[in-house]
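Report on the following structure.
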Amino acid sequence: AATLQPGDDVHARKRQRTGDALHHPDFHLEHFMRYSTYQKTTLSPDHPASEFLLAAISEKVERHRPRSGKPHCEAPALQGLRVEQILNPRSQEKYMTETQDIAGLCRRGITPLGDKTGAPKVTSFPGFDLNEYMLFHGLSHDIVEKVCQSGLDPRRAGSNAGKLFGSGIYLAEMASKSDIYTSPNGDGERCILVVRACLGEPYLAAKANRNMTIPPERSDGQGALNSVRSFVCPKNGM
């Protein structure tokens, strides 16, 4: 019979610790079936996220043009009624995959937007600044459930309004901007989504380009820029 030597005992304990660590839930990525459906939870009014978002809906307002070429309207008075948290596992996995892809292609060389946007900043990977923000998206009441189920689809750009900067998913820093693209349900309620978005290295567009299908190339040769950010004039116009 083999005799357990002191060194073997040390190695056995190391293997045990390694096995215990790798099998710990913190090391497991959550996997979802492709047929997983979304979950919707109404947050209580005193929930921190609910308090923050309800306040943002009321505060993030200013004057806008209702459509391109139209005169500015007065800033609306918006009141948030409730916050519903949407968890779509498939959309989340696609987002995380795309975020990691942006980090790899840009080789972590992304210019932080910093104070150039007033939107809440979030981070998916500690230590990686990929210009991730919580932004608003307004939509018609009759497609809310479809978007919650399938996610936002850039191929549908222009189906609810124009596409001033080409094909893509249009998001805004101001709730009042997204409110323009909403329509009320039977109870007179409108829906604005608060979307987690990774802008990566954005292209700053100083003028409209309705035929754009992809942002311009990066100067470092690492492919196209990751998003398009429109230039905002002092009077809240494009």
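One line per residue, one yes/no per condition, for (1) crowded, with 17+ Cβ neighbours inside 10 Å; (2) within 24 Å of residue 61 (Cα to Cα); (3) within 18 Å of the chain's Cα centre (by Cα):
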residue: 141; (1), (2), (3): no, yes, no
residue: 153; (1), (2), (3): no, no, yes
residue: 156; (1), (2), (3): no, no, yes
residue: 159; (1), (2), (3): no, no, no
residue: 163; (1), (2), (3): yes, yes, no
residue: 177; (1), (2), (3): yes, yes, yes
residue: 190; (1), (2), (3): yes, yes, no
residue: 208; (1), (2), (3): no, yes, no
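What residue, among those in segment 36-51 that are at pLDDT below 90 and among the hydroxyl-bearing types (Ser, Thr, Tyr), is surrounded by the most Cβ atoms within 10 Å (Cβ to Cβ)? That would be 38.
Yes/no matrix, rows are residues, columns are (1) surrounded by fewer than 13 Cβ atoms within 10 Å (Cβ to Cβ); (2) out of contact with any helix residue (DSSP H, G or I) (no Cβ under 7 Å at 6 or more places or on another chain); (3) in a strand (DSSP E or B):
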| site | (1), (2), (3) |
| --- | --- |
| 78 | no, no, no |
| 91 | no, yes, no |
| 102 | no, yes, no |
| 112 | yes, yes, no |
| 118 | yes, yes, no |
| 124 | no, no, no |
| 135 | no, yes, yes |
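Within segment 46-69, residues that are at negative phi and among the acidic types (Asp, Glu) have Cβ atoms under 6 Å from residues that are part of a helix (DSSP H, G or I) and surrounded by 14 or more Cβ atoms within 10 Å (Cβ to Cβ) in these pairs: 62/176, counting only partners at least 6 apart in sequence or on another chain.
The values are calculated or read from the model by the stated rules, or taken from the named source; none is laboratory data. All figures in this text were calculated on a predicted structure; none of them were measured in a lab. No Cβ is skipped: glycine too gets one built from the backbone with ideal geometry, and neighbour counts run over all protein chains shown.
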